[in-house]
Amino acid sequence: MEFSRHVSRMLHEEHMAALSLLERLESMVQGTVPSEPPDLADGPVIRLFGDLKAAIEGEISNHFEFEESELFPCLAKAGDGDLGELLSEEHKVILPLGRRLAELAGTARAGDMTVENWQEFRRSGAEFIERLRSHIDKEELALIPAAEAAINDDDDMRLAGQYAYSR
């Protein structure tokens, strides 16, 4: 996919990074059983918990905030307000789910993963994977093309600068 806008490229790159993280999470969730938490001394396992926590609390939260505060209003001015509203509603479901997952990942990193926490992590992780993948698909297929069409060069430079600063 080619992009004429810096903002589109930045969003796309974050989508690809999130999908990569979701693949790692999915491998963990599908490759384990509910009654047996993973080995918290295993380097790749503990790294995944850390990467997941950092991504949810950092990149994903910032990504959603930028879209809602800066990008969606630009789209609304161009007549694509419904798309922003739909995606904002999805953010309201995905982000709390992600925050709980990040909290559980932090618990695991602290060495306190109980069987009950692990079962909740697996359930929440599976739902988070499904919802965020679907959301990214919508953004790749609808939001990015809409942004490409709605944003002029000056707004692109301004928005890209704001977004880079917020990262």
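Dipole size of the chain about its Cα centre, with +1 on Lys/Arg Cβ and -1 on Asp/Glu Cβ: approximately 420 debye, rounded to the nearest 20. Helix 43-55 and the long axis of the chain differ in direction by around 40°, with both axes built from C-alpha atoms.
Comparing 43, 106, 81 in a Gaussian network model of the chain, where Cα atoms under 10 Å apart are tied by springs, the biggest mean-square fluctuation is seen for 43. Calculated on the alpha-carbon coordinates, the convex hull of the chain measures out at 102 cubic angstrom per residue. For the chain, the solvent-accessible area of protein heavy atoms averages 51 Å² per residue (probe radius 1.4 Å; ligands and nucleic acids excluded). Using R0 = 35 Å, the C-beta based FRET efficiency linking residue 141 and residue 165 works out to 0.80. Could you pull out every one of the lysines with an alpha carbon less than 17 Å from that of residue 138, ignoring same-chain neighbours closer than 8 positions? Partners found: 92. Think of the chain as a dipole: +1 on every Lys or Arg Cβ, -1 on every Asp or Glu Cβ, centred on the Cα centre; then among 63, 107, 93, 107 lies furthest on the positive end.
The values are calculated or read from the model by the stated rules, or taken from the named source; none is laboratory data. As the structure is a computational prediction, the values presented were derived from the model and not from experiment. Please note: Cβ atoms are built from the backbone with ideal geometry, for glycine as well, and neighbour counts cover all protein chains shown. Side chains included, ligands, DNA and RNA excluded: accessible areas come from the protein's heavy atoms. Shrake-Rupley method; radii C 1.70, N 1.55, O 1.52, S 1.80 Å.
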